[in-house]
1. Looking only at segment 241-265, which residues are within 12 Å of the ligand (Cβ to nearest atom) and open to solvent by 40 Å² or more (accessible area, probe 1.4 Å)?
2. Give the residues of segment 137-157 that are modelled with pLDDT under 95 and part of a helix (DSSP H, G or I), sorted by residue number.
3. Pairs only if they're at least six apart or on different chains, beta carbon under 6 angstrom, first in segment 104-124 and within 16 Å of residue 137 (Cα to Cα), second of a type in the set (S, T, N, Q) and open to solvent by less than 20 Å² (accessible area, probe 1.4 Å); list them, first residue then second.
4. Residues 68, 80: which one is without any contact (Cβ under 8 Å) to a residue 12 or more places away in the chain, of a type outside the set (A, V, I, L, M) and away from the ligand (no atom under 16 Å from the Cβ)?
5. Looking at segment 158-217, which of its residues are in a helix (DSSP H, G or I), among the aliphatic types (A, V, I, L, M) and within 26 Å of residue 102 (Cβ to Cβ)?
6. Mind checking which pairs have a first residue in segment 195-211 that is open to solvent by less than 30 Å² (accessible area, probe 1.4 Å) and a second that is aromatic (Phe, Trp, Tyr) and assigned to a helix (DSSP H, G or I), Cβ under 6 Å, 6 or more apart or different chains?
7. Listed residues 183, 249, 268; which is out of contact with any strand residue (DSSP E or B) (no Cβ under 6 Å at 6 or more places or on another chain) and modelled with pLDDT of 95 or more?
8. When the residues of segment 218-240 are filtered to those that are part of a loop (DSSP other than H, G, I, E, B) and away from the ligand (no atom under 11 Å from the Cβ), which remaining residue is farthest from the chain's Cα centre (by Cα)?
Amino acid sequence: MISPGFHDFNGPLQLCNHANDSNPHNIYAFSPPFVRRVETALILIRHGESMWNEKNLFTGSVDVPLTRRGVEEAIEAGKRICNIPLDFVYTSALIRSQMTAVLALTQHRCKKVPIIMHDCSKQAEAWSQIYSDEAKKQSFPVIRAWQLNERMYGELQGWDKQEISKRYGKEQVHEWRRSYDIPPPEGESLEMCSQRAVGYFKEHIEPQLQSGKHVMVAAHANSLRCIIMYLEKLTSCEVINLELSTGVPLLYIYKEGSFMKRGSPVGPSEAGVYALTKSLALYRQELDEMSC
Ligand SMILES: O=C(O)[C@@H](CO)OP(=O)(O)O
């Protein structure tokens, strides 16, 4: 349950009044009942490099922070998504995904403040209330969900990946790391991880997109592989070859129940025009006009 008050959170799109705009492709719609948004942005980002990525250790559900390089990757990712509208941010319960989200959001051009939601109890919810509507409008709710955690790697957690390959053989380790239904010893298979991660995405995140809200999900290699498998309708054979780099944002456009893959946004300093949709280009134009 997102803390009350954020439900009327209008996010960064209170930029200009298109309420009377009949353009069906315009995502500038305000929250209902003005203009229903036709398409919304979904950004997926794997956390930046973690301290156990750097040591090449199986991490899984162990809660390790980012390295300095991982911090830099998160900030660079923020530059690449700084022109894309956002209303809600989801992370896992693990610090490496939360660090990535809040560091990336420091680069967003709408200058909103990420607020980590504390709704694990009625008291936590009450004590973390924001009473200023203006402060609320200048914020992003960041919702933490354990269901988006990295797959639990069981008895491999903490072991060096090369050491494990020598002990059990490369084929066996590749099967544990990348197959769909074969779990590592005492760990989760990708299928088991998918049941919680995709289950959460369908129940909590997809309805946000359907209601016209733009969302970023900062999570993990395998929990995101599950979600991408769902978005792109990949088979359990195709997902074996899906690899995600640390700290690289991926953009999808949600429209009438389907997800269109738009690849990874380019940074503002990079040459070339990233294939924005018309409505994202209009949003970027509004940000440009705001910052003049
Ligand atoms: O160790 C882990 O948690 C994961 C992601 O870093 O490793 P792999 O890519 O081997 O699934």
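1. Correct list: 243, 245.
2. The one that is modelled with pLDDT under 95 and part of a helix (DSSP H, G or I): 137.
3. Every condition considered, the pairs that remain are 112/139; 113/139; 115/139; 117/3.
4. Of the residues listed, the single one that is without any contact (Cβ under 8 Å) to a residue 12 or more places away in the chain, of a type outside the set (A, V, I, L, M) and away from the ligand (no atom under 16 Å from the Cβ) is 68.
5. 197, 198, 205, 209
6. That search, which allows pairs on different chains as well, returns 198/230.
7. 183
8. Here the residue is 237.
The values are calculated or read from the model by the stated rules, or taken from the named source; none is laboratory data. If you're wondering where the values come from, they're calculated on a predicted model, not measured in any experiment. Cβ: placed from backbone, ideal geometry, glycine included. Neighbour counts: every protein chain shown. What goes into the accessible areas is simple: the full protein's heavy atoms, side chains included, and nothing from ligands, DNA or RNA. Shrake-Rupley method; radii C 1.70, N 1.55, O 1.52, S 1.80 Å.
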